[in-house]
2 protein chains.
Amino acid sequence: MSIGIHLVGDLLGVDPKKISNADTMQDIMESAVKYGKLTKIRSYYHQFSPSGVSGIVLLAESHLSFHTWPEHGLVALDIFTCGPTENAESALEFILGKLAPSSIEYKRIERGVDFPRGVQKGRLVEATV
Amino acid sequence: MSIGIHLVGDLLGVDPKKISNADTMQDIMESAVKYGKLTKIRSYYHQFSPSGVSGIVLLAESHLSFHTWPEHGLVALDIFTCGPTENAESALEFILGKLAPSSIEYKRIERGVDFPRGVQKGRLVEATV
């Protein structure tokens, strides 16, 4: 039993062209969120110069984040959800399908062990930037 | 050698009053970022109803995120930085000092093993919400 599952993946050997552009990464991540039936609250994507993208999707179920290093063909990806584990796995599979890494350093971490799984169901009442 | 260090902490036995309010959590996390000499790009904090807060700070060095479950006295905290490890540790120490958990489930994960540590130095050229 755990309150959530956290998938930690370092994707290696990714085509630098796929992970250099914020718009491309945004398309992939927003689609992954939908594919995994995750509930987006808000997302940010940042284009670094000369290359590299970071992005974060705050979910009702927790979050998805990534950071890319095109010069290394590397993406550091995290998907943390308090919803069904298979939804996080679906989102991960979608991303792997799009980015096609040659290998992945992968860990599954149970978060909040001994607490019951459960998404915060309450209505969002405030957002402060 | 690794491109970054990822501190994963599940804080247990935290006073629910400390972790129920987005403004309180925002104060703690923004101060932790400064204390740890991390570089904020942007941050979001969300107040759930009836309780619970999620927040995410996108850093030039990667990210800091947390999710709280006041009903369980639980905070799931992540600090991932591609800068000096001690900066992440300082931010964590600051947060632990403020939230005073009775215990912590703690993991240190090396991200991007075999790649050199390094913050994306480039100027931020685009942000898409």
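The numbers here are math on the coordinates, done by the rules we state, and not lab data. Remember, predicted model here, so these are calculated numbers, not experimental data. Note that each Cβ is placed from the backbone with ideal geometry, even for glycine, and that neighbours are counted across all protein chains shown.
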In deg cm²/dmol and to the nearest 500, what is the mean residue ellipticity at 222 nm of the protein assembly as shown if only DSSP H runs of at least 4 residues count, each as -39500 (n - 2.57), divided by the residue total? -7500 deg cm²/dmol
Separation of the B:Glu86 and A:Ile104 label points, Cα + 7 Å toward Cβ, nm: 3.7
Where only alpha carbons of the protein assembly as shown are counted, the Rg and the Dmax (Å): 16.7, 47
Please report the residue of chain B with the smallest beta-carbon distance to the B-to-A rotation axis, and give that distance in Å, no decimals. B:Ile56, 3
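Output the pairs from A:Lys17/B:Lys40; B:Lys34/B:Lys98; A:Lys107/B:Lys40; A:Lys37/A:Lys98; B:Lys37/B:Lys98; B:Lys17/B:Lys40 with a Cα-Cα distance over 19 Å in this structure; if there are none, say none.
Going by Cα-Cα distance, A:Lys17/B:Lys40; A:Lys107/B:Lys40; B:Lys17/B:Lys40 fall outside the 19 Å limit.
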Residues A:Glu93 and A:Lys17, FRET efficiency given R0 of 30 Å [Cβ-Cβ distance, rounded to 0.05]: 0.90
For the range A:4-111, place one equal point scatterer on every Cα, skip the solvent, and apply the Debye formula. What is log10 of I(q)/I(0) at q = 0.13, 0.18, 0.21 Å⁻¹? -0.40, -0.78, -1.07
Expected integer from the mean partner chain Cβ neighbour count at 10 Å over B:71-82 is 4
Protection proxy ranking, peptides A:102-115, A:74-87, A:13-26, average beta carbon neighbours within 10 Å, highest first: A:74-87, A:13-26, A:102-115
